[in-house]
Amino acid sequence: MVSNNPQDNDDIILAGPNLALLNQLQSTLNEIFSLKALGTLKCFLGFEIARAKEGLVLSQRKYTLQLLEDNGYVGSKPAKTPMEPRIKLDDQQGEPLEDPSPYRQLVRKLLYLTLSRPDITFAVNILSQFMASPRTPHLQAVHHFLRYLKGSPGQGLLYSASSSLNLRGFSDFDWASCPITRRSTTGFCIFIGDCLISWRTKKQPIISRSSAEAEYRALAATGSELTWL
């Protein structure tokens, strides 16, 4: 990991299987720019990287704890799920928030947290759909979500050092799950061996007339991502 200035957010990561080549690249860059080598990668843009014989563990623990502290949820009672299982949020129930800015800022921070937390991707996708005009039930759902984070602030991803290079994909769908548009939701995750490298939850662009059609669209999105990879 190298940096032009430790005080600026312009750090870059040099990674590859050939250490000699990486050192050569670092020396070449240092001839053109003023660089400071920070050694083995441990943290980067809110991510924490822990190394072990088994592989690398990627998490955003400090980012999560800071998020909880900023919103007064450090001492809250943990929740078992990101959202209430039977909750169906829409744009009609409850009263509009007098100041929607805190809700929007919080959801934006949660979107960044999904980069290392596939377990929260679906819930954050739902919450982000109401940023234009959030209401009291949406804010209550966010508060429940923060309590879930309280129970697992260090949740992250393990990238095994002994994993195979087999590419595998899994997809799922939730037919007509949106109570507002009646659109279905696509979800997929893709692995290289045992290592999760790509995941997504996204509302489908049009209404599917049957569960088979919704499933086909989910499979098509997964296949497209697999082909790109």
Exercise for the section: Find the centroid of the Cα atoms in the stretch 37-75 and in the stretch 123-152, then give the distance between the two in whole Å. Expected result: 22
Completion exercise
Along the stretch 64-75, Karplus-curve 3J(HN,Hα) (6.51, -1.76, 1.60; θ = phi - 60°) to the nearest Hz, with x for Gly and Pro, reads 5, 5, 5, 5, 5, 5, 4, 9, x, 10, 5, x
Completion exercise
Reported to the nearest 10 Å², LYS77 has, with a 1.4 Å probe, an accessible area equal to 150
Practice task
Please give the FRET efficiency for THR28 paired with LEU56, using the beta carbon to beta carbon distance and R0 = 30 Å, rounded to the nearest 0.05.
Solution key: 0.70
Handout entry: Cross-link reach list, lysines versus LYS62, counting only Cα pairs under 30 Å and skipping chain neighbours closer than eight places
Key = LYS36, LYS42, LYS53, LYS77, LYS80, LYS109, LYS150, LYS202
Practice task
Subtract the Cα-Cα distance of ILE180 and ARG104 from 0.36 nm times their separation in residues, and report this length gain in nm to one decimal.
Solution key: 25.4 nm
Completion exercise
Over the chain, the quotient of the Cα radius of gyration and 2.2 N^0.38 Å is 1.19
Problem - Integer Hz, Karplus 6.51/-1.76/1.60 couplings in order for the stretch 170-180, x for Gly and Pro - result: 10, 10, 8, 8, 10, 5, 6, 6, 7, x, 8
Handout entry: Per-selection metrics, the stretch 104-229 (Cα): Rg and Dmax in Å
Key = 16.0, 47
Fill in the blank from the handout: Checking rank on 211-221, 25-35, with mean other Cβ inside 10 Å and highest first, the result is 211-221, 25-35
Completion exercise
Per-residue accessible area, 1.4 Å probe, largest first, puts SER160, SER224 in the order SER224, SER160
Practice task
Could you calculate the contour length gain from THR81 to CYS43, that is, 0.36 nm times the residue separation minus the distance between their Cα atoms, to one decimal place in nm?
Solution key: 10.9 nm
Exercise for the section: With a probe of 1.4 Å, find how much accessible area the chain has per residue, and write the answer as a whole number in Å². Expected result: 62
Practice task
May I have the convex hull volume per residue, in Å³, for the Cα set of the stretch 9-59?
Solution key: 82
Exercise for the section: Report TRP175's accessible area, 1.4 Å probe, all protein chains in place, as a number in Å² to the nearest 10. Expected result: 120
Exercise for the section: Could you please state how large a percent of the accessible area of the stretch 70-229 is carbon and sulfur, counting protein chains only and using a 1.4 Å probe? Expected result: 53
Exercise for the section: Determine the calculated [θ] at 222 nm for the chain from helices alone, applying -39500 (n - 2.57) to every DSSP H run no shorter than 4 residues and normalising by the residue count; nearest 500 deg cm²/dmol. Expected result: -11000 deg cm²/dmol
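The values are calculated or read from the model by the stated rules, or taken from the named source; none is laboratory data. Nothing here was measured: the structure is a model prediction, and the numbers come from that model. Note that each Cβ is placed from the backbone with ideal geometry, even for glycine, and that neighbours are counted across all protein chains shown. What goes into the accessible areas is simple: the full protein's heavy atoms, side chains included, and nothing from ligands, DNA or RNA. Shrake-Rupley method; radii C 1.70, N 1.55, O 1.52, S 1.80 Å.
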